[in-house]
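The values are calculated or read from the model by the stated rules, or taken from the named source; none is laboratory data. Just so we're clear, the structure is a prediction, and the values are computed from it rather than from any experiment. All Cβ positions, even for glycine, are placed from backbone atoms using ideal geometry, and neighbour counts span all protein chains on display. Ligands, DNA and RNA are excluded from the accessible area calculation, which covers all protein heavy atoms including side chains. Shrake-Rupley method; radii C 1.70, N 1.55, O 1.52, S 1.80 Å.
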Number of protein chains: 2
Amino acid sequence: MTTLSLTDLDETDRAILRALAADATLSAGALGRRLGLSQPAAWRRIKRLQEAGVIKGRRLVLDHERLGFGVTVFLGVKLATKGRVSLEDFERAVTAIPEVQTVEHILGLYDYRLRVVARDISDFERVLRRRIMTLPGVGDVEANVLLSEERRPGPL
Amino acid sequence: MTTLSLTDLDETDRAILRALAADATLSAGALGRRLGLSQPAAWRRIKRLQEAGVIKGRRLVLDHERLGFGVTVFLGVKLATKGRVSLEDFERAVTAIPEVQTVEHILGLYDYRLRVVARDISDFERVLRRRIMTLPGVGDVEANVLLSEERRPGPL
DNA sequence: CTTGAAAAGAACTGCCT
DNA sequence: AGGCAGTTCTTTTCAAG
């Protein structure tokens with residue numbers, strides 16, 4: 001496992017990550033052609049990046065609107081009671097809510113940021129009142145409705 | 001294109017999405033075995049979901065820490081000047097910053113939420129001062145350092 | 001690192017229930 | 001809709017330069 005070696009990725013590794021980050025569907029052969037490598041060479045590099053843990057996996061990108069979840073809301077949550085037990089209780093309870101897609105523990109005015117999806121605004125109200133506000137230790141809550149979102153490749 | 005398909009996904013489609021959302025590596029054959037379908041049957045459903053636009057693509061999940069970006073910060077940004085041109089100017093400029101991974105236009109106290117990665121805190125300070133604060137129309141900025149994050153499958 | 005080749009498996013197609 | 005059988009392509013592994 002801890003063959004953890006590398007912060008030493010060369011420029012070719014970075015190019016592979018850039019290409020795959022945009023489209024994880026690319027085959028080793030197609031990648032090699034694009035970068036001037038043979039198929040086995042590209043394949044070995046990809047495998048190396050996976051085993052080093054740099055590539056953690058591949059996930060589907062779903063269109064939640066088409067799945068009937070037209071509303072995405074970010075919630076900032078401040079805990080009324082802090083301390084180790086409160087954090088653990090809150091995290092356990094919040095991860096059991098299906099509408100919660102992401103739980104981020106952050107440093108700042110709020111303790112947690114939640115990404116919540118709902119079918120529509122009234123469905124969101126239901127989730128907020130019956131699920132979120134009843135979580136253990138919840139204090140202040142701030143809501144932000146997502147209007148649009150753009151993801152970028154990130155630095156490499 | 002507009003083979004507009006439907007909000008009518010049956011339970012099998014949902015099971016496919018649940019499985020693939022966790023691991024997009026699964027082959028149609030493996031998926032079929034898991035659900036009691038033949039390989040072509042599973043394959044046809046996956047293809048249908050892709051053509052319907054429910055599945056938008058497959059993305060790599062990278063470990064940014066191992067890539068040397070140990071710090072993730074969320075920035076709430078309030079624009080000083082609003083209006084159509086200001087929003088477009090801001091969005092164009094902000095998407096050109098490599099450290100910015102996500103740009104979310106939101107409704108609430110702040111106008112945008114940015115997800116920013118940096119090598120360390122002093123690298124983040126550089127990005128903040130030289131890149132973010134110099135963006136056109138930037139007013140208030142609030143920063144939240146990410147401590148930990150958990151992603152969940154979401155409702156289905 | 002390359003090329004070449006072989007085995008396994010996945011993707012795709014057509015036909016039939 | 002689903003299954004079966006077959007073809008084609010890629011992935012994956014290995015040998016050798």
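Whenever you get a sec, line up B:92, A:66, A:115 from highest to lowest accessible area (probe 1.4 Å, protein heavy atoms). Mind showing how you got there, number by number?
Values: B:92 150, A:66 130, A:115 35 Å².
In descending accessible area the options line up as B:92, A:66, A:115.
Where Lys and Arg each count +1 and Asp and Glu each count -1, what net charge lies around residue B:154 among other residues with Cβ under 10 Å from its Cβ? Don't skip to the answer; put the middle values down first.
Numbers: positive: A:115, B:18, B:151, B:152; negative: A:99.
My count for the surroundings of residue B:154 gives +3.
Read phi for every residue in segment A:28-42 and hand back ³J(HN,Hα) as whole Hz from Karplus 6.51 cos²θ - 1.76 cosθ + 1.60, θ = phi - 60°, with x for Gly and Pro.
Once θ is set to phi - 60°, the couplings for segment A:28-42 become 4, x, 4, 5, x, 4, 5, 10, x, 10, 6, 4, x, 5, 5 Hz.
Please get the size of the charge dipole for the protein assembly as shown, origin at its Cα centre, with Cβ charges of +1 on Lys and Arg and -1 on Asp and Glu, quoted in debye to the nearest 20. Could the numbers behind the result be given before it?
Numbers: 50 positive and 42 negative charges, 200 e Å.
Here the protein assembly as shown has a charge dipole of around 960 debye.
Suppose you put the label 7 Å out from Cα in the Cβ direction; list, shortest first and in nm with one decimal, how far residue A:120 is from each other copy's label.
Reported distances to equivalent positions: 5.3 nm.
Run the numbers for residue A:109 and residue A:34: contour at 0.36 nm per residue of separation, minus the present Cα-Cα distance, in nm.
Working: separation 75, 0.36 × 75 = 27.00 nm, distance 4.62 nm.
22.4 nm is the gain from fully extending residue A:109 to residue A:34.
Ordered shortest first, which distances in nm separate the 7 Å Cα→C-beta label point of residue B:25 from those of the other copies?
Spacings between copies for this position, smallest first, are 2.0 nm.
Using the Karplus curve 6.51 cos²θ - 1.76 cosθ + 1.60 with θ = phi - 60°, work out ³J(HN,Hα) for each residue of segment A:61-78 in order, rounded to whole Hz, and write x for Gly and Pro.
9, 9, 9, 5, 4, 5, 8, x, 10, x, 10, 10, 10, 9, 10, x, 10, 9
If you average the sequence gap of Cα pairs under 8 Å that are 6 or more apart and divide by the length of chain A, what percent do you get for the contact order?
So the answer I get is 25 percent.
Might you tell me the accessible area per residue for segment B:81-156, computed with a 1.4 Å probe and given in Å²? The partial results should precede the final answer.
Values: 4040 Å² over 76 residues.
About 53 Å² of surface per residue is accessible.
How far is residue A:68 from the same spot in each other copy, in nm, shortest first, if each label point sits 7 Å from Cα toward Cβ?
List, nearest first: 4.8 nm.
Just read off the accessible area of residue A:88 with the full protein assembly in place, 1.4 Å probe, to the nearest 10 Å².
Its accessible surface works out to 90 Å², give or take rounding.
Between segment A:71-138 and segment B:134-156, how many Å separate their Cα centres?
If you average the Cα positions of each part, the centres end up 15 Å apart.
Is it possible to state the helix-based mean residue ellipticity at 222 nm for the protein assembly as shown, with each DSSP H run of 4+ residues giving -39500 (n - 2.57), the sum divided by total residues, to the nearest 500 deg cm²/dmol? What is it?
Values: 10 runs with 101 residues, N = 312.
It lands at -9500 deg cm²/dmol.
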